[in-house]
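Computed from the coordinates by the stated procedures, all read-outs in this text should not be read as laboratory data. These numbers come from a predicted model, not from an experiment. Heads up, the Cβs are rebuilt from the backbone with ideal geometry, glycines too, and the neighbour counts pull from every protein chain shown.
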Amino acid sequence: MWPETVKTNIMNLLFVLAGFVGGYEWVIILLAVILLFGGRKIPELMKGLGKGMKEFKNATKDDEGSAKDEKESIDK
């Protein structure tokens, strides 16, 4: 789907942005999330996030597999 260089650039950008957030900032962000969603909603949110990440991984694997199949059929 996306070229490898684009994926690498996006990951580098995320690491740089995450580097600007220090320890105290993470604590403040965590407290804000707890205040906004409440302690009972957080496990549900994390479960949904995990499912979304799993679906995304599966979709990218399927896409990479079909791209390899297409390339092999072109090479023959």
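Of note:
- With K and R counted +1 and D and E -1, the other residues having a Cβ less than 12 Å from that of residue 48 yield a net charge of +2.
- Taken one residue at a time, the phi angles of region 38-48 give Karplus couplings (6.51, -1.76, 1.60, θ = phi - 60°) of x, x, 7, 7, 4, x, 5, 5, 5, 5, x Hz. Gly and Pro are set to x.
- Here the residues 33, 27, ranked from fewest to most Cβ neighbours within 10 Å of their Cβ, fall in the order 27, 33.
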